[in-house]
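Worksheet for the structure shown next.
The values are calculated or read from the model by the stated rules, or taken from the named source; none is laboratory data. What you see is a predicted model, and the numbers here were worked out from it, not measured in a lab. No Cβ is skipped: glycine too gets one built from the backbone with ideal geometry, and neighbour counts run over all protein chains shown.
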Amino acid sequence: MAGQEASSGSQLLSDVDVLLKNAVAFEKNGKYESALMSIEKALSLNENCADAWLMKGVVLSKSGKCEESLRCLDRCVALNPNCADAWCLKAATFSTLNLNDKAADCMSKAVNLDPGNEELRCNLAVSYQKLKRFDDALKCYEEILKKKPDDARIHYHVGIMFGNLGNYANALDSFEKALRLRPDFTYALIGKGVILAKLGRIDEAKQCAKKALETKNDPETAKADESNTVNDSIRKEYADVSRRFRKSFSPDL
């Protein structure tokens, strides 16, 4: 009897995994209704499957149903409070709703659960900036730079923050650090040009603009820069979690 129960439980887990794998495949192809149907079937077999609630939250968010998504993510963290992905996605959803204080709180929880994840810490800095908590944002960037001092993107983010604060000397220094590490960093060139113009160094600003136009013509450089902008950093979390699901449930994809 015990062996039959174990076999039944194993089969149940297998069925849930298959359904989630199907949901991932549907989600990947933008078939959100089909994905939700597979997830609902998985939950009918195991309503306490945290992964299923997380995936449902992802699909609902991509469908624009933010409030429903948050309820699913709340269920996920109730089942697994240590799920950094769920806290991160809650932050992204709150950010979409312009509830930036809640977004920062959730992202902080995600960072505490996964302190070595520089992307999460960078997103926390973005959340702090939206709340005008610039000292906290700078601390986040400094923590990242301790481990990755040659990350041009972080120096660029710091430059943007100082520029918004009107601290043009520090902004220029940060953009120049980014460009020493990556001379073809289009957005850093643009940032440097804007700051030089504000400082009245017009000829130098024009040179930055010219070089930025040259690098912008390189599709690979432009693509890399676009993926690193501050505005994209939180929205990327949805795609990142989806990729992790594909790896977990669909290693063949």
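Could you tell me which of the residues GLY163, GLY191 is within 25 Å of GLU119 (Cβ to Cβ) and either buried (at least 21 other Cβ atoms within 10 Å of the Cβ) or out of contact with any helix residue (DSSP H, G or I) (no Cβ under 7 Å at 6 or more places or on another chain) (or both)?
On the way: GLY163 fails: either buried (at least 21 other Cβ atoms within 10 Å of the Cβ) or out of contact with any helix residue (DSSP H, G or I) (no Cβ under 7 Å at 6 or more places or on another chain) (or both).
Residue meeting the stated conditions: GLY191.
What's the number of the only condition in (1) in contact with an Asp or Glu (Cβ under 7 Å, 6 or more places away or on another chain); (2) under 19 Å from GLN207 (Cα atoms) that GLY159 fails to meet?
(1)
Could you please let me know if SER108 is within 25 Å of VAL77 (Cα to Cα), of a type in the set (S, T, N, Q), out of contact with any Pro (no Cβ under 7 Å at 6 or more places or on another chain) and touching a residue at least 60 places away in the same chain (Cβ under 8 Å)?
Details: within 25 Å of VAL77 (Cα to Cα): yes; of a type in the set (S, T, N, Q): yes; out of contact with any Pro (no Cβ under 7 Å at 6 or more places or on another chain): yes; touching a residue at least 60 places away in the same chain (Cβ under 8 Å): no.
So SER108 fails the test.
Can you work out which of the residues in segment 97-133 that are of a type in the set (Gly, Ala, Ser) and assigned to a helix (DSSP H, G or I) is surrounded by the fewest Cβ atoms within 10 Å (Cβ to Cβ)?
Filtering segment 97-133 for residues of a type in the set (Gly, Ala, Ser) gives 103-104, 108, 110, 116, 125, 127.
Still in the list and also assigned to a helix (DSSP H, G or I): 103-104, 108, 110, 125, 127.
On the way: ALA103: 26, ALA104: 25, SER108: 19, ALA110: 25, ALA125: 29, SER127: 27.
The residue in question is SER108.
Among all residue pairs at least 6 apart or on different chains, which show Cβ distances below 7 Å where the first residue, located in segment 6-24, is surrounded by fewer than 19 Cβ atoms within 10 Å (Cβ to Cβ) and in a helix (DSSP H, G or I) and the second is at pLDDT 90 or above and not acidic (Asp, Glu)?
Hits for this filter: LEU12/LEU45; LEU12/ASN46; ASP15/LEU45.
Looking at segment 139-152, can you tell me whether even one residue there is under 20 Å from the mean Cα position of the chain (by Cα), surrounded by fewer than 24 Cβ atoms within 10 Å (Cβ to Cβ) and touching a residue at least 40 places away in the same chain (Cβ under 8 Å)?
No, every residue in segment 139-152 fails to be under 20 Å from the mean Cα position of the chain (by Cα), surrounded by fewer than 24 Cβ atoms within 10 Å (Cβ to Cβ) and touching a residue at least 40 places away in the same chain (Cβ under 8 Å).
Cβ-Cβ below 7 Å, separation at least six or inter-chain, first residue in segment 173-188 and in the same structural domain as ILE154 (by TED's automatic domain parsing) and assigned to a helix (DSSP H, G or I), second surrounded by fewer than 17 Cβ atoms within 10 Å (Cβ to Cβ) and basic (Lys, Arg): which pairs?
THR186/LYS216
Going by what's in this entry, would VAL59 be described as among the β-branched types (Val, Ile, Thr), surrounded by fewer than 24 Cβ atoms within 10 Å (Cβ to Cβ) and either in contact with a Leu (Cβ under 9 Å, 6 or more places away or on another chain) or assigned to a helix (DSSP H, G or I) (or both)? Break it down stepwise before answering.
Details: among the β-branched types (Val, Ile, Thr): yes; surrounded by fewer than 24 Cβ atoms within 10 Å (Cβ to Cβ): no; either in contact with a Leu (Cβ under 9 Å, 6 or more places away or on another chain) or assigned to a helix (DSSP H, G or I) (or both): yes.
Against the criterion (among the β-branched types (Val, Ile, Thr), surrounded by fewer than 24 Cβ atoms within 10 Å (Cβ to Cβ) and either in contact with a Leu (Cβ under 9 Å, 6 or more places away or on another chain) or assigned to a helix (DSSP H, G or I) (or both)), VAL59 does not qualify.
Quick check on segment 165-173. Is at least one of its residues closer than 24 Å to SER108 by Cβ and out of contact with any strand residue (DSSP E or B) (no Cβ under 7 Å at 6 or more places or on another chain)? Don't jump to the end; show me each part of the working.
Within segment 165-173, the subset closer than 24 Å to SER108 by Cβ is 165.
Pick out the ones that are also out of contact with any strand residue (DSSP E or B) (no Cβ under 7 Å at 6 or more places or on another chain) and you get 165.
Yes, some residue in segment 165-173 is closer than 24 Å to SER108 by Cβ and out of contact with any strand residue (DSSP E or B) (no Cβ under 7 Å at 6 or more places or on another chain).
Is it fair to say CYS49 is at pLDDT 90 or above and buried (at least 19 other Cβ atoms within 10 Å of the Cβ)? I'd like the intermediate steps shown before the answer.
Details: at pLDDT 90 or above: yes; buried (at least 19 other Cβ atoms within 10 Å of the Cβ): yes.
Criteria met by CYS49.
Got a number for residues in segment 103-133 being of a type in the set (Ser, Thr, Tyr) and over 12 Å from CYS88 (Cα atoms)? Quick ask: steps written out before the conclusion?
We begin by selecting, within segment 103-133, every residue of a type in the set (Ser, Thr, Tyr); these are 108, 127-128.
Those left that are additionally over 12 Å from CYS88 (Cα atoms): 128.
Residues that pass the stated criteria total 1.
Here's a check for you: in segment 69-117, which residue that is farther than 25 Å from LYS147 by Cβ and β-branched (Val, Ile, Thr) is modelled with the lowest pLDDT?
Checked segment 69-117; the qualifying residue modelled with the lowest pLDDT is THR96.
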